[in-house]
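Take a look at the structure below.
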Amino acid sequence: MPIPEDVTGEEIDKDVRQELQSLPKTLAEDVAKNLVMVARLIDEDPEGAYGYSRVALRLASRVAAVREAAGFAAYANQKYSEALAEFRAARRMTGSVELWPVMADCERGLGRPEKALDMAGAPDVHKLDKAGQVEMRLVAAGARRDMGQLDAAIVTLQSPELASNSVQPWTARLRYAYADALLAAGREGEAREWFAKAVEADRDGSTDASDRLAELDGVEFVDALDESDGPADEAEGATVEGDRSDDEGPADESSGDEVSDDEVSGDEVSDDAGSDESRDEKADEKADEDKD
């Protein structure tokens, strides 16, 4: 696949560059350029990113960073089985647990929410940093919703990180997930409050919390360039339908029982889950050998 002239390969993270030092110089440069293209395209052109990831994988399948990039590209294209295999390969190579939450989310994508919950209760979760633990909580709540357990999903998301007033990289997504779960459970007043809190934390527009909040408030956005609209509509830019629920008062932030860490990250993993993981990893190892 063609590489734009402005891509040099030097743009990659220094840790990845260090991994590539095990390759011949020219090969390392080619792999680096393809990895840069994966990172550049993965959000706006997932299919293109996937194509570059396959090139990198063909060139350097024994490099953990390449396997991880291939996993994320497959994940972005909803190729969950392939993504899971690549993440497992990267994890075997590095021994790191940081991919555990996205691996669990792949299980959800494959229609196995029970397996995702087993992974949420695995000892590996306790080795994750704070961001990883929040991500695992989000995956576990999603798995609960997949199983139709809305109340359990809401309780799963209740945590010190959710209640904190400080804004962290995960804050907007955590508040958004909580608001969305509340709305699905019919608790519209509380949902509105938490969508508003998500908007406050969403400094880079990573969620559509503002749109969801406007929808709850009955705000309909009108295209000012639409010739079919009258002058008044063009000037206002938006029409409000219905009253805002300002008089409802703030929802109780502590509604529902607080969840303990064990309810999400747990200390126990079923033997079946452990044996399944072991069998899956052996199968992946065999696939790696065949690939090499």
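The values are calculated or read from the model by the stated rules, or taken from the named source; none is laboratory data. Worth saying up front: this structure is predicted, and the values here are computed from it rather than measured. Neighbour counts run over all protein chains shown; Cβ positions are idealised from the backbone, glycine included. Calculation scope for accessible area: heavy atoms of the full protein, side chains included, ligands and nucleic acids excluded. Shrake-Rupley method; radii C 1.70, N 1.55, O 1.52, S 1.80 Å.
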Handout entry: Answer from 137, 108 - the residue that is open to solvent by 60 Å² or more (accessible area, probe 1.4 Å), among the basic types (Lys, Arg) and assigned to a helix (DSSP H, G or I)
Key = 108
Fill in the blank from the handout: Of the candidates 143, 152, 177, the one satisfying the condition of being free of Cβ contacts under 8 Å to residues at least 24 places away in the same chain and within 24 Å of residue 112 (Cα to Cα) is 152
Exercise for the section: Go through the residues of the range 180-198 one by one and say whether even a single one is out of contact with any Pro (no Cβ under 6 Å at 6 or more places or on another chain), surrounded by fewer than 23 Cβ atoms within 10 Å (Cβ to Cβ) and closer than 27 Å to residue 96 by Cα. Expected result: no
Practice task
Of the numbered conditions (1) farther than 24 Å from residue 208 by Cα; (2) open to solvent by less than 40 Å² (accessible area, probe 1.4 Å); (3) among the β-branched types (Val, Ile, Thr), residue 154 fails exactly one; give the number of that condition.
Solution key: (1)
Problem - Failed condition for residue 96, given (1) among the polar types (S, T, N, Q); (2) part of a helix (DSSP H, G or I); (3) open to solvent by less than 50 Å² (accessible area, probe 1.4 Å) - result: (2)
Exercise for the section: Return only the number of the condition from (1) without any contact (Cβ under 8 Å) to a residue 60 or more places away in the chain; (2) in a helix (DSSP H, G or I); (3) surrounded by fewer than 23 Cβ atoms within 10 Å (Cβ to Cβ) that residue 203 does not satisfy. Expected result: (2)
Exercise for the section: Please go through the range 158-177 and pick out each residue that is closer than 21 Å to residue 121 by Cβ, part of a helix (DSSP H, G or I) and over 15 Å from the mean Cα position of the chain (by Cα). Expected result: 160, 161, 162
Handout entry: helices (runs of 4 or more DSSP H) wholly inside the range 1-84 that include at least 2 residues being aromatic (Phe, Trp, Tyr)
Key = 46-59, 64-76
Completion exercise
Looking across the range 5-51 at residues that are over 19 Å from residue 71 (Cα atoms) and small (Gly, Ala, Ser), the single one that is most open to solvent (accessible area, probe 1.4 Å) is 22
